[in-house]
Every structure is written in C-alpha cells, then in structure tokens.
Amino acid sequence: MSIVELDQVASPLAAAPDSRPSLLGLTRQGLADALASIEVPEREIRMRVNQLWHWIYFQGVTDFALMTNVAKGLRARLAERFTLARPEVVAEQISKDGTRKWLIRMPPVDAKDRGAEIECVYIPERHRGTLCVSSQVGCTLTCTFCHTGTQKLVRNLTAQEIVQQLVVARDRIGDFPGMTPPTDGLLPSGEGVRAVSNIVFMGMGEPLYNFDHVRDAIAVLSDGDGLSLSKRRITVSTSGVVPQISALGDEMGTMLAISLHAVRDELRNTLVPLNKKYPLQELLQACRTYPGVSNARRITFEYVMLKDVNDSPADARELVRLLKGIPAKINLIPFNPWPGTQYECSDWDVIERFSEIVFNAGYASPVRTPRGRDILAACGQLKSETEKVRARARLMMEEDEADGEPASH
C-alpha cells in the first residue's frame, strides 16, 4: 500500500439508485412517522420503533429480512416502502498513520438538490478511535488559515446525513457486531474498546449554524439502545457563535471546543472573521457560563500555531490571562499547510516554548500531533484536495474520450 491510496470505490453496502427513502439515520420520531405511513397501528408503534432501533443502530443490519423479531408481514411492508441503504462511499484514502478519509455522496434531499458530497475522517489511536464529522456542505465562515473555509456554503446537512457518517465509518472498519475489522493493525485494541469511541464535530461547516439538525443527530448518536456514544465523548467545536453556546449545553450536553487561534480582537478579526460579530469578551463570557462546565468537563480551546502571527511568548501569556477562571484545556495545533496559503507553521522550538508557558500557568496544553497530512485529512484541509483529484480524473476521461479510447478508472 502506498502512503496515499485513493480508490474510487463504491461501498459494497451502497444501493443502486432507488426511489424508496432510507430509514438509516432517522430519529425515533422519524421512525415512528415512517411506521405510521404504512399504517402500523398506533398502539404498536413504540414497540416497533424499539425493534427497528436495535437492528439499525446496534446491530447495523442492511436488510429488513434479518430483523428476526419483527413480524414477517411487517418486514415485507417495510422493504416495499423503505431501504436501509447507506450513502455511497465515492473515495477512500488511508494515511500511513492509519487515518482514514472518506468522500461520501449523499442522495438528493429534494428536487432542487443535486446530492451532497462531504468528507469525514477517522483517526485511530491506541485505546480510542475518533470520527471527525461534517455538519454542512462547504462552510459559511471564511477563516483565512483554513482551506475548508475557502469553499462556499452549499447547504446544511440533515440530522440523518450526520448520523449516516458514523454508520458508514462503522461499516468500513467493521465496528458492528459480527463484522470483521481491517487486518492492518491500525485500529484501537483492548477489552471493551470500540473502534469508534469518540465523535468530534470538527469537519466541514459551523455546527452551531445548523443547530437543530446537529441536536437531533446527537440524540441518535448518544442513545444508549443504539449507537450508544457517551455525550462526554462527543465534542462540538464552534468558531464562536455566541448566542447558541448556552443552548448547546442545555439541549445537547456535549463537550465544547472553541476555535480560538488569537488573543487579540484585531488579529482574530482577520483569522476568524466571525469575531467581528462576537468579539473575544463576549465569547469568553459565554464559555464561563457554559452549562455544566467544571474541572471534570473542561472546555477545549483550539489554537493553530502560525509562524510570526500568533506564536510569541507574549501571545502565550495573554492566552493564560484571557482564560483565567475557565476550566480549560488548550490544544496547540501545528498549522497544516495547503496550496496557496499565506501562512506557515510555527517552528517546533517556538511551539514548545508557547506550550511551556501555558503549562506552567496550570493548563493542560498538548501539542496535537498532525494526523493524515499525507492525505489532506488534517485540520482545515478537508474536501479541497479531493475536488482537485476528481477534476483531474474528469479531465483524463475527457482526453481519453477525445482520443477515441475508453476512459480509465
């Protein structure tokens, strides 16, 4: 296997184009509505939802016929009207460090939608595996250091599409009962360890600008009878949509991460233009009052290290001052370069000095090891390289057709 492997692969679980909607990713209410639409008696719906929930989200089945405790007649009616189809995995890349990135094509949500393509990234570590999911197609923000932010917002993802990213990941790495995981030795191991144990909303998009769908998706992801992820293992990252931060804690109860990156409004206005609307003072006050925040539930502040921009000892000391009184962990992120960027990553000795100042002030300040850089799966790199690869592939196909030769794959 090469360091970068890009296979134009169709998921073995992907269905052919089908007018029947998939039940995969629906909330409990969504499943109840689906059952009502095929005239399941109201007195049975709650029981039937519980049955479907177990088979879809705990067992990960792909065929109604496998739902052995569901009446045969109902299974036939379900199969006539619905599917359990996954979205199509268009491409998969596997990094030398085990990071996996999938380009996923979602079917159209309505007549005007041409179907969304989004990326999610799986990062395996020794005793846990983290899935980075997207909440929007493109991004409404224009953070200048982030390649993902250079792509215009197309639309919000539905709660169903967000949940489907986790199911696709579990399918691909064999994380449902009875499945065989990959044999490359790069997945987490140990008794009781799930291959996907953590979710971070740090992919494409600003989650708090898609609040309702993210909230509904988290309800499915954290349901103890199905996918069963602890809310303490789900982190929602925001660039600072201040009015929604309190509601995030009240309605979702997840861990909070703040994409900070600067300690002065003047600089943050450039790096994270949303700061012009919600400046640092307002953002940090929302963090201080975040529901449930404590030393056991610290807020993570993400800080990308940009050479000669935000990495001085003075910046480190100001960061400590700003966060005083907030139970916090500070993730220092070496900048991940992308073609055309004006920024460079801080030198390693500068990063270490910055980390030391923060650590000596009493804050955990791990330097995040870049993962998946060789497949552009690291922070701020999603989607862009895949678009270029697909463009090159289309060009090659057009050239082959112009020469009268069959298009290659």
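If amide hydrogens are placed 1.01 Å from N in the peptide plane, which non-local residues have theirs closer than 5 Å to the one on Gly240? Amide H to amide H, under 5 Å and 5 or more residues apart or across chains, Gly240 pairs with Ser259.
Stokes-Einstein diffusion coefficient for segment 209-296 at 4 °C in a medium of 1.567 mPa s, Rh from the Kirkwood formula over Cα pairs: what value in µm²/s? Could the numbers behind the result be given before it?
Values: Rh = 13.9 Å.
Result for D is 93 µm²/s.
Within a 10 angstrom radius of the beta carbon, how do Met67, Met255 rank from fewest other beta carbons to most?
On the way: Met67 20, Met255 26.
Neighbour counts put them in this order, fewest first: Met67, Met255.
Amide H contacts of Cys120 (H built 1.01 Å from N, in plane; Pro and chain starts excluded): Trp102, Ile104 sit under 5 Å, all sequence-distant by 5 or more or on other chains.
What the Kirkwood sum gives for segment 19-81 is a hydrodynamic radius of 11.7 Å, with every pair of different alpha carbons counted.
Site pair Arg105 and Ile45 shows an inter-label distance of 3.5 nm when each label is modelled 7 Å from Cα along Cα→Cβ.
The Ala36 and Val193 beta-carbon pair, evaluated with R₀ = 41 Å, returns a calculated FRET efficiency of approximately 0.60.
Rank these for me by crowding, Tyr278, Tyr122, Tyr290, going from fewest to most other beta carbons within 10 Å. Don't skip to the end; give the middle numbers.
Values: Tyr278 18, Tyr122 29, Tyr290 21.
Starting with the residue having the fewest Cβ neighbours, the order is Tyr278, Tyr290, Tyr122.
Extension gain, Thr142 to Lys112: 0.36 nm times the residue separation minus the Cα-Cα distance gives 8.2 nm.
Segment Arg288..Arg232, full-extension length gain: 18.3 nm, with 0.36 nm per residue of separation and the alpha-carbon distance subtracted. Whole-Hz Karplus ³J(HN,Hα) for segment 204-218, in order, using 6.51 cos²θ - 1.76 cosθ + 1.60 and θ = phi - 60°, x for Gly and Pro? With coefficients 6.51, -1.76 and 1.60, one gets 5, x, 9, x, 7, 8, 9, 4, 5, 5, 5, 4, 5, 5, 5 Hz. Subtracting the Cα-Cα distance of Arg264 and Arg297 from their residue separation scaled by 0.36 nm leaves 9.3 nm. For Lys329, the residues whose amide H sits under 5 Å from its own are Ile299, Thr300, Phe301, ignoring neighbours fewer than 5 places away on the same chain, with H placed 1.01 Å from N.
Overall size of segment 88-388 from C-alpha positions, given as principal axis extents largest first: 53, 42, 41 Å. For segment 72-81, the Karplus equation 6.51 cos²θ - 1.76 cosθ + 1.60, evaluated at θ = phi - 60°, returns couplings of 4, x, 5, 4, 5, 5, 4, 5, 6, 9 Hz by residue, with Gly and Pro reported as x. Exposure proxy for Ser237, Ser365, Ser312: other Cβ atoms within 10 Å of each Cβ, ordered fewest to most, give Ser312, Ser237, Ser365.
A Cβ-based charge dipole, computed about the Cα centre of segment 19-81 with Lys and Arg at +1 and Asp and Glu at -1, lands at about 80 debye.
Every number in this text was worked out from the coordinates using simple rules, so none of it is lab data. If you're wondering where the values come from, they're calculated on a predicted model, not measured in any experiment. Note: ideal-geometry Cβ built from the backbone for every residue, glycine included; neighbour counts use all protein chains shown.
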